[in-house]
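Everything on this sheet refers to the single structure shown next.
The values are calculated or read from the model by the stated rules, or taken from the named source; none is laboratory data. Owing to the predicted nature of the structure, the values given are computational and were not obtained by experimental measurement. Note: ideal-geometry Cβ built from the backbone for every residue, glycine included; neighbour counts use all protein chains shown. We work out accessible area using only protein heavy atoms, side chains counted, and drop any ligands, DNA or RNA first. Shrake-Rupley method; radii C 1.70, N 1.55, O 1.52, S 1.80 Å.
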Amino acid sequence: MQNFKSGFVSIIGRTNVGKSTLLNGLVREKVAITANKSQTTRTLIRAIVNRENSQIIFIDTPGIHKPRTKLGETMINSSFGTIPNVDILLFMIEATSEGIRKR
């Protein structure tokens, strides 16, 4: 019998960098809403990918931003709150942003 492995991966990043789109692609199913509007994901979304000898639980988080409301603060806290509870932190950035192109 092969060793079975499992783990948790939290997807964190700024708003509108494609976290939910990546999650949908990884699980090959639309489990998270995607839109051009920022702050579409307001709560944690969990999706499970099962393989023959492994299982990965992905957690899609609200985008990291400067909160201006109590809702914004709550969303940020839920995103950062996943960090101590996961095995891998996937920090996603927008590769086409101005800061990436400058050298």
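Observations on the structure shown:
- When the charge dipole of the chain is built from unit charges on Cβ atoms (+1 for Lys and Arg, -1 for Asp and Glu) and taken about the Cα centre, the candidate among Gly63, Thr96, Asn24 whose Cα reaches farthest toward its positive end is Thr96.
- Total charge dipole magnitude, the chain, about the Cα centre, Cβ charges on Lys, Arg, Asp, Glu only, Debye to nearest 20: 380 debye
- Summing Lys and Arg as +1 and Asp and Glu as -1 over all other residues whose Cβ lies under 15 Å from the Cβ of Leu44 gives a net charge of +2.
- Electrostatic bookkeeping for Val86 treats Lys and Arg as +1 and Asp and Glu as -1; over the other residues with beta carbon under 13 Å from its beta carbon, the sum is -1.
- Charge dipole of the range 1-59 (Cα centre as origin; +1 on each Lys and Arg Cβ, -1 on each Asp and Glu Cβ, all else neutral): 200 debye, rounded to the nearest 20.
- Comparing the chain with the 2.2 N^0.38 Å rule of thumb, its C-alpha radius of gyration ratio is 1.16 (two decimals).
- Carbon and sulfur %, accessible surface of the chain computed with the full protein complex present, 1.4 Å: 53 percent
- Ile33 versus Arg14: modelled label distance in nm, points set 7 Å from Cα along the beta carbon direction: 2.3 nm
- Relative contact order (%) - the chain, alpha-carbon pairs under 8 angstrom, separation at least six: 37 percent
- Computed from the C-beta positions of Ile48 and Thr96, the FRET efficiency with R₀ = 25 Å rounds to 0.25.
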